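Shown next, in structure tokens, is the structure this report addresses.
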Amino acid sequence: MEHKPLPTTPHCVVVLVTQRAIESMLETSGQGFYRDTHPWVVAEQLLAQAQLTQTPMPIIFASVSDGQVAAYSHWSTIEKIDLLSLTSNRWESRCEFAELRVVNPIWQDIDSVMHKTSEEQILREQVEGIRTLRMPLQEHQIHPYAICETPAFIFAELQSLT
């Protein structure tokens, strides 16, 4: 039986932006950069691992308008993460991503995505049959970014493209 590679990594990055930022990204071909003043050290390491196996790593954008509840609106795949040390205690992370794709409305709730489970818990689930507790993401846990399990809809969309 042939082992088929996964269409994406089992984990993704989730960020919260304004609806205006999403609209700006869409005006410029739907691909571009996301900047943050927090160093994305772990996200950069996970992307490097994914690139070794030539596996795309998704980024999901949750957006919020004035007085509204945050919801996932778009997703993409990360092409590059650059960490820049501006001064001794100031950073800029620059995430370059491919074309944005719309999130289906049934997946727009923030808690429809789960935090990334530790490698040890996943190993226990695989070899010991112990069910791992999945923790749904909450809006206040997104800043500066969250590392989560890649949701099924992204696996399905990327699988249909290959």
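Values in this text are rule-based calculations from the coordinates and carry no lab data. Note that the structure is predicted; figures quoted are calculated from it, not measured. So basically every Cβ, Gly included, is an ideal-geometry build from the backbone, and we count neighbours across all protein chains shown.
Ignoring the sites themselves, what is the longest stretch of the chain with no trypsin sites (Lys or Arg not before Pro) in a DSSP loop and at most 15 other beta-carbon atoms within 10 Å?
After excluding every exposed loop site, the longest remaining stretch is 1-130.
Kindly provide the helix-only [θ] at 222 nm of the chain, computed as the sum of -39,500 (n - 2.57) over DSSP H runs of four or more divided by all residues, to the nearest 500 deg cm²/dmol?
It comes out at -7500 deg cm²/dmol, rounded to the nearest 500.
What is the angle, in °, between the Cα long axis of helix 152-161 and the longest principal axis of the Cα atoms in the chain? Nearest 10 is fine, range 0 to 90.
With rounding to tens, the tilt is 90 degrees.
Would you mind working out the magnitude of the charge dipole of the chain relative to its Cα centre, with +1 at each Lys and Arg C-beta and -1 at each Asp and Glu C-beta, to the nearest 20 Debye?
100 debye
Hey, could you grab the Kirkwood Rh for the chain? Inverse mean 1/r over distinct alpha carbon pairs, Å, one decimal.
Value: 16.6 Å, from the Cα pair sum.
Once the dipole of the chain is set up with Lys and Arg at +1 and Asp and Glu at -1 on Cβ about the Cα centre, which of LEU133, SER160, ILE110 lies farthest towards its positive end?
Checking the options against the dipole of the chain, the answer is LEU133.
Highest GNM mean-square fluctuation, the chain, Cα pairs closer than 10 Å: which of ALA152, ALA50, ALA71?
ALA152
List the relative contact order of segment 11-161 as a percent without decimals, with contacts defined as Cα pairs under 8 Å and 6+ residues apart.
Computed value for segment 11-161: 29 percent relative contact order.
For segment 74-144 and segment 23-41, compute the distance between their C-alpha centroids and round to whole Å.
The two parts, judged by their Cα centres, are 15 Å apart.
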